[in-house]
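Data first, discussion second: the structure below is written as structure tokens.
The values are calculated or read from the model by the stated rules, or taken from the named source; none is laboratory data. If you're wondering where the values come from, they're calculated on a predicted model, not measured in any experiment. Here the Cβ is made from the backbone with ideal geometry for all residues, glycine too, and neighbour counts use every protein chain on show. What goes into the accessible areas is simple: the full protein's heavy atoms, side chains included, and nothing from ligands, DNA or RNA. Shrake-Rupley method; radii C 1.70, N 1.55, O 1.52, S 1.80 Å.
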Amino acid sequence: MYINDICNVSNALRLVLFADDTNIFCSGENLKQLLDKITKEMGKLKTWFDRNKISLNLSKTKIMLFGNCRTITQANIKINGVEIERVHENKFLGVIMDDRISWKSHIKHVQSKLSKSISVLHKVKQVLDHKSLRILYCSLILPYLNYCAEVWGNNYKNSIHSLTMMQKRAIRIIHNAKYLGHTNPLFLESKLLKLEDLVTFKTAQIMSRAKNKNLPGNIQKLFNERVGGYNLRGIFNFKKQRVRTTRKTFCISVCGVGVWNKLNEELKQCTNMNHFKMIYKKIIFKGYRDGGDG
């Protein structure tokens, strides 16, 4: 509550606050003008900090330029004569963001965590039964695959391929299956989702909340409902956005629309999230069952 009014200090900056973590965003078409604007506005923020007896730790303050900025070597911002360090990646609410928004750094982080957890599973597989191994999977592996998967998981297939293979390795350990054993029956038996399906599942949940207008205002406005008020087929669909880059197609406001528009009418009309999840999972597990080996 003490710093909530910091958002009123500048009209040019967009601030995202979470506990004692403050993230500042600013955009522009001309880099020099953008840097000058940020320097000016950061001066206003520094004044606000001083007047409210709050210390701004300049050594922990970083700047990151999003976009195709690798060739730009000079991007200087100074506050009180102290130059702010430029970084190419930074952790934001538990997710490592990079300036290309490729999520490569975060995926490598998840790989590292999964590798250690799979090693634990492998060591205890002769001691614990299937149920206990599944509990370990849900405790040591699933949280890393599940957290913000709808953000970083909508990506090039080869970007998340290593995680897919590691997940399959873990599920084989749980079931004491052969190294190259088919995993569809194993996921079905354990009632667990493959990474690709987990990403789509979480994306569909966001879209369901958007359809029922249960998202925060700044996120809700990213989704536009289908134009027209007639009771026609596809009335519950969202309007597709036109995009200029391939990277933009992975944004949930774009790929999420594609996921949602392909769902059946029962799911689209569902207003209860628990019921929505139950129906969606049944459809996925039916696919595992009907698809046979995979």
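The number of residues in the range 128-168 being part of a loop (DSSP other than H, G, I, E, B) and open to solvent by 20 Å² or more (accessible area, probe 1.4 Å) comes to 6. Of all residues in the range 79-102, which are open to solvent by 20 Å² or more (accessible area, probe 1.4 Å) and farther than 28 Å from Lys248 by Cβ? The answer is Asn80, Gly81, Val82, Glu83, Glu85.
Scanning the range 46-61 for residues that are touching a strand residue (DSSP E or B) at 6+ places or on another chain (Cβ under 9 Å), open to solvent by 80 Å² or more (accessible area, probe 1.4 Å) and under 30 Å from Ala149 (Cβ atoms) yields a count of 0.
Here the range 172-192 is the region considered, the condition is being open to solvent by 20 Å² or more (accessible area, probe 1.4 Å) and touching a residue at least 24 places away in the same chain (Cβ under 8 Å), and the residue that is nearest to Tyr144 (Cα to Cα) is Lys191. Evaluate the range 119-131: report whether one residue or more is touching a residue at least 60 places away in the same chain (Cβ under 8 Å), farther than 16 Å from Ile171 by Cβ and not hydrophobic (A, V, I, L, M, F, W, C). No, that holds for no residue. Set side by side, the residues Ser105, Ser132 differ, and just one is closer than 19 Å to Glu189 by Cβ and not acidic (Asp, Glu), which is Ser132.
For the range 249-278, taking the residues that are β-branched (Val, Ile, Thr) and crowded, with 16+ Cβ neighbours inside 10 Å, the one that is farthest from Gln220 (Cα to Cα) is identified as Val259.
Residues that are of a type in the set (S, T, N, Q) and surrounded by 15 or more Cβ atoms within 10 Å (Cβ to Cβ) within the range 10-45 comprise Ser10, Thr22, listed in sequence order.
The residues listed here are Arg169, Arg209; of these, the one that is among the charged types (D, E, K, R), over 20 Å from His109 (Cα atoms) and touching a residue at least 12 places away in the same chain (Cβ under 8 Å) is Arg209.
One line per residue, one yes/no per condition, for (1) assigned to a loop (DSSP other than H, G, I, E, B); (2) at pLDDT 80 or above:
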{"site": "Ser27", "(1), (2)": "yes, yes"}
{"site": "Lys32", "(1), (2)": "no, yes"}
{"site": "Met42", "(1), (2)": "no, yes"}
{"site": "Ile54", "(1), (2)": "yes, yes"}
{"site": "Leu65", "(1), (2)": "yes, yes"}
{"site": "Asn68", "(1), (2)": "yes, no"}
{"site": "Ala75", "(1), (2)": "yes, no"}
{"site": "Lys91", "(1), (2)": "no, yes"}
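Scan the range 112-125 and give yes if some residue there is in contact with a Phe, Trp or Tyr (Cβ under 6 Å, 6 or more places away or on another chain) and open to solvent by 60 Å² or more (accessible area, probe 1.4 Å), otherwise no. Checked against the condition, which is being in contact with a Phe, Trp or Tyr (Cβ under 6 Å, 6 or more places away or on another chain) and open to solvent by 60 Å² or more (accessible area, probe 1.4 Å), the range 112-125 yields at least one hit.
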